[in-house]
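The values are calculated or read from the model by the stated rules, or taken from the named source; none is laboratory data. In this text the structure is predicted, and so the values were computed from the model without any measurement. Neighbour counts are summed over all protein chains in view; Cβ atoms, including those assigned to glycine, are modelled from backbone coordinates with ideal geometry. Surface accessibility is based on the protein's heavy atoms, side chains included, excluding ligands, DNA and RNA. Shrake-Rupley method; radii C 1.70, N 1.55, O 1.52, S 1.80 Å.
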Amino acid sequence: MRYFVCAFDDFQVGVPAECMERIIAMDAHPDEAGDRNFCISLAALCGQKETDAPHGLVLKSGRSPAVVLLTPKIQTDMELPDAELRAFPRSLAAFLRYFRGAFLDASGMILALDPETIIKDIP
Amino acid sequence: MEEISREADSAEAQKYLIFMILEKRYALPSRIISEVAALEKVFPLPLVPPFVRGIINRYSIPYALVDVSLILGGDSAQGSKVIVFKEETDRLALLIDDVVDFADLPPSALMDVDQEAGAAANLVRAFFEWKGNPVFCLESDELLRHIQQEA
C-alpha cells in the first residue's frame, strides 16, 4: 500500500493513500483550513507540539464538511507492503489506537495511521 | 512429614532469572522469558507513558521497551541489556543493567514484601535471599495490568 510519510522529532507517520481524496498545499489555499472543513492536527493527535502544517490531507470520510488532516511537510511517498505491517504489543494497543501498526526495519520505524478509526471518533 | 514437604517444594521449584537494575536485584520466572539481548536501537513512540521507552526490533517484530525502574518510582534505568518476554505473555522487553544468575527456588523460599501504598506496589509482592542479597520478584501479570491501566 502507498503511504504519505511525514516526520516528527522522534518518529515518522505514514498516512495510507487509499484513505485520502487529495492533498492540499495549505499555504496556497489557507481558506481550506478553519470553518470550511473539519480540521484535525496530526501533531495534536500524536501528542506533539504544534508545528507548521503545510499540507492538508483530505480524508475519505463521506462527511460534510470534509475532514482534513493537517500535517507537517510530507517528506515522501512510498510503497510499503501490507505483509510487513506489524501490530503493536497488546499492552500498547489502547495508547496507539489511531495507528494500524508499524513498519520496522534496521534503519527506522514508520507508524501507519488508521484514518478510519479517527473518522469514527469524530462526533 | 518434613520430607514430604521438601519433595513437594522440589516438585514445585521454579527457575528464576536474577538481574540488576540500578544496583537492585530483581527476578522473573524464566518460563516467561524468551531471551536476554544487548540493547540496540530504540524507536520512540508518541502517546505512551514515560516508562515505555519505545519500540525495539526483535527479528522484525516490535517489542515495547519498558523501564521498570520508573514504574517503581526510581530513576530512569541506564541499562545496556533487555529481557525479552515470550510472545504469549506480550511483546514486552525490560531494560536491565545485567544478568546476575539463575536460581531454582521452591515456593517456600519466597517471603512477602511489606506492601507500600501506590499503584505500582503490586509489582513486587515477594522477595528471596540469594547469596546474601535480597532479590525482588517482579509480577509480570501486574506489570501488564499496570501498563494497560495507564491508557
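Structure data summary
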quantity: If the convex hull is drawn through the Cα atoms of segment A:63-123, its volume per residue in Å³; calculated: 132
quantity: Count, lysine Cα pairs under 17 Å in the protein assembly as shown, 8 or more residues apart or across chains; calculated: 7
quantity: Ellipticity estimate at 222 nm from DSSP helix runs (n ≥ 4, -39,500 (n - 2.57)) divided over chain A, nearest 500; calculated: -1500 deg cm²/dmol
quantity: Accessible area (Å², per residue) of the protein assembly as shown, counting only protein heavy atoms and a probe of 1.4 Å; calculated: 51
quantity: Interface B:A - total buried accessible surface [probe 1.4 Å, Å², rounded to 100]; calculated: 2000
quantity: Principal-axis tilt of helix B:140-149 within chain B, Cα atoms, nearest 10 degrees; calculated: 40
quantity: Distant alpha-carbon pairs in the protein assembly as shown (separation over 28 angstrom), percent; calculated: 46
quantity: Debye-sum result for chain B in log10 I(q)/I(0), which assumes one identical scatterer on each alpha carbon, at q = 0.12, 0.19 Å⁻¹; calculated: -0.51, -1.21
quantity: Among B:94, B:128, B:37 the positive-end extreme of the charge dipole of segment B:13-149 (Cβ point charges); calculated: B:37
quantity: Of A:54, A:72, A:81, the one that fluctuates the most in a GNM where chain A has Cα springs shorter than 10 Å; calculated: A:81
quantity: If the convex hull is drawn through the Cα atoms of segment B:45-95, its volume per residue in Å³; calculated: 82
quantity: Kirkwood-type radius of segment A:2-120, with distances r between different C-alpha atoms, in Å; calculated: 14.7
quantity: Nearest 10 degrees, 0 to 90: helix B:2-12 Cα axis against chain B principal axis; calculated: 20
quantity: Carbon/sulfur fraction of accessible area - chain B, other protein chains in place, 1.4 Å, %; calculated: 48
quantity: Segment A:20-123 - percent of accessible surface contributed by carbon and sulfur, probe 1.4 Å; calculated: 50
quantity: Segment B:13-149, relative contact order [Cα under 8 Å, separation at least 6], %; calculated: 27
